[in-house]
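What follows is a short report on a single structure.
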Amino acid sequence: MLTDPYSLSPAIKNAFLDLPQEPLQEVLHSLLRQWHFILADSPPAAGLHVTATASQGLALQTPAGLSTTLAFPLRVEELWIAVEAPFYPFPRAHIRLEMDWPIHLRVRGGIEKTRLSSLSDRGMRFYFSRELVPEEDLEVEVELDDVVLRLQGVVIYAQSRAGRWEAGAIFEHVTPAERYRIRNFIVRTLMGRVRTEVGEDCFRKAGDFFFFPPPLTGA
């Protein structure tokens, strides 16, 4: 479903973390809050239950009673897919980042400076000065890590929100290298937010449990 990458969760996302490693617990708490989970003090009747052992990795039990294990070091993209999947009728395969970020948009022969509200390697949500039409072509120019990406896309929806238009688009003809750069940026930005929230000492102690993509340079 084209609109699924930007659909809202049909249910409240509850989660309970029961981890022996306190730094890991704090980092995961921060990540799940960014992904709009409600963190419970005890296992919820319908929610995600997360445990861990040093040898086996992170164990997740879904509201349906299904279990899965993610090996350490954790890849944030895989973690996101695993915790989101139980709460959506269709699998969500593209990690996204909520962000307020400047872009230049080329559409209908003109250029408008506007802002992103969400980004994935598959597409984006953005604000626009007027309504756009589904299947309308566009080009977005966005700077990530000092590299300017120019990505072709097509509008999949537009809606009026808080007195302005917000639209969603999927990217077309995006290269594997461009997708990797976007995912890399998303993961490092997310983990940077976590570092700020939990503190440097806690983040450093939890570092061995995660895989951190290296910064990218050059086009």
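The values are calculated or read from the model by the stated rules, or taken from the named source; none is laboratory data. On a predicted model such as this, the values are computed, not experimentally measured, just so you know. Every residue, glycine as well, gets a Cβ built from its backbone with ideal geometry; the counts of neighbours run over all protein chains shown. For accessibility, only protein heavy atoms count, side chains too; no ligands or nucleic acids. Shrake-Rupley method; radii C 1.70, N 1.55, O 1.52, S 1.80 Å.
Things to note:
- Test: residue in segment 160-183 that is open to solvent by 40 Å² or more (accessible area, probe 1.4 Å), among the aliphatic types (A, V, I, L, M) and either in contact with a Gly (Cβ under 9 Å, 6 or more places away or on another chain) or under 22 Å from PRO102 (Cα atoms) (or both): yes
- Selection count where residues are without any contact (Cβ under 8 Å) to a residue 40 or more places away in the chain, over 13 Å from LEU19 (Cα atoms) and within 22 Å of the chain's Cα centre (by Cα), scope segment 34-62: 8
- Exactly one residue out of GLU112, GLU141, GLU131 is more than 25 Å from VAL187 (Cα to Cα), among the acidic types (Asp, Glu) and assigned to a strand (DSSP E or B): that is GLU112.
- Look at segment 180-194: where a residue is under 12 Å from PRO214 (Cα atoms) and a partner is open to solvent by less than 10 Å² (accessible area, probe 1.4 Å) and in a helix (DSSP H, G or I), sitting 6+ places away or on another chain with Cβ atoms under 6 Å, you get VAL187/VAL76.
- Scope segment 154-170; condition in contact with a Ser or Thr (Cβ under 9 Å, 6 or more places away or on another chain) and modelled with pLDDT under 90; matching residues: ARG164
- Near pairs, Cβ below 6 angstrom, 6+ apart or cross-chain, from segment 78-90 (among the aromatic types (Phe, Trp, Tyr)) to any residue that is part of a helix (DSSP H, G or I): PHE90/ASP4
- Residues considered: THR196, THR189. Of these, the only one that is of a type in the set (S, T, N, Q), in a helix (DSSP H, G or I) and farther than 22 Å from ALA93 by Cα is THR196.
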